[in-house]
2 protein chains.
Amino acid sequence: MKSTDDASLDSAFMALADPVRRLIIARLSRGPATVNELAEPFAITKQAVSKHIQVLEQAQLVTRTRDAQRRPVHLNPARLEALTAWIDQYRLVREGQFRSLDAVLHQSSAAASGTQAKDPS
Amino acid sequence: MKSTDDASLDSAFMALADPVRRLIIARLSRGPATVNELAEPFAITKQAVSKHIQVLEQAQLVTRTRDAQRRPVHLNPARLEALTAWIDQYRLVREGQFRSLDAVLHQSSAAASGTQAKDPS
DNA sequence: TTTGTAATCAACCAATTAGTTGATCAACGA
DNA sequence: TCGTTGATCAACTAATTGGTTGATTACAAA
């Protein structure tokens with residue numbers, strides 16, 4: 001199970017695509033917390049927050065431990081790191097290079113093969 | 001308009017939470033492309049890909065230029081950078097520190113105030 | 001055992017989303 | 001002007017999501 005699986009990235013980015021879940025992440029970066037503690041700042045029910053945490057857990061962005069009837073939620077920084085790793089693949093691409101070239105690209109794409117950017121992998 | 005607005009992060013992470021859109025990003029990192037070119041590898045209609053690109057454009061992850069009847073799509077690496085910036089806020093958090101501490105945290109949370117991690121902002 | 005608390009499960013609703021098909025717009029080439 | 005190509009718009013369907021309320025499980029304290 002690589003940490004940059006397609007489905008894994010799916011669930012992780014999806015999990016972060018919600019302001020409530022991002023605030024939960026921010027809160028957990030200052031230490032673990034229970035569902036009740038996490039739910040407090042929000043104007044939604046505890047059940048709704050519990051669902052959000054399930055989403056984060058499925059995305060492996062957080063883990064839960066067991067302690068009596070409490071189930072403290074912990075941040076999993078390793079998974080966040082996997083996301084930056086994915087993004088960095090593409091944001092490090094040379095920027096302006098193609099911007100002025102694209103007018104030529106589609107014109108020559110049929111005629112001249114090899115001028116188009118080819119897969120550098 | 002800061003690049004790390006709440007709504008802005010919303011749309012950006014949401015945009016990346018789809019394998020088709022991530023593949024489009026990957027493709028665009030090798031240079032701009034038209035909708036038809038981007039749609040080719042996928043088993044969905046061109047209209048569907050056009051919608052995906054609209055999502056990426058709203059998230060400001062890509063931009064479009066105008067060239068005759070073609071509308072080449074370009075990657076916007078600056079926006080990707082904003083995402084890594086957000087993530088890095090939280091993934092750089094000290095890891096193991098709280099993991100062993102949380103058993104104490106909830107026990108002392110009611111009695112001793114101030115021992116709990118408080119907002120460092 | 002009974003009571004109280006932390007959290008989840010289950011069922012349901014409203015809103016959004018990804019995809020489709022069909023029609024339309026815009027620009028080029030003959 | 002007419003036909004072709006690139007791309008979007010519009011309307012619709014099926015599936016998913018975020019939220020609710022009410023019931024239930026698990027544990028601890030009395």
Using Cβ counts within 10 Å as a stand-in for footprinting exposure, how do A:Arg66, A:Arg79, B:Arg71 rank, fewest first?
A:Arg66, B:Arg71, A:Arg79
Going by C-beta contacts inside 10 Å, put B:Thr65, B:Thr34 in order with the fewest on the left.
B:Thr65, B:Thr34
Mind listing the long-range amide H neighbours of B:Val73? Cut-off is under 5 Å, sequence gap 5 or more, other chains count too, H placed in the peptide plane at 1.01 Å from N.
B:Ala33, B:Thr34
So for each of A:21-29, A:82-90 I average, over its residues, the number of other beta carbons within 10 Å; can you give me the resulting order with the highest mean first?
A:21-29, A:82-90
Partner shielding of A:81-91, taken as the mean number of other chain Cβ atoms within 10 Å, equals 6
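The numbers here are math on the coordinates, done by the rules we state, and not lab data. Predicted model, so just to flag it, every value in this text is computed and none were measured. Here the Cβ is made from the backbone with ideal geometry for all residues, glycine too, and neighbour counts use every protein chain on show.
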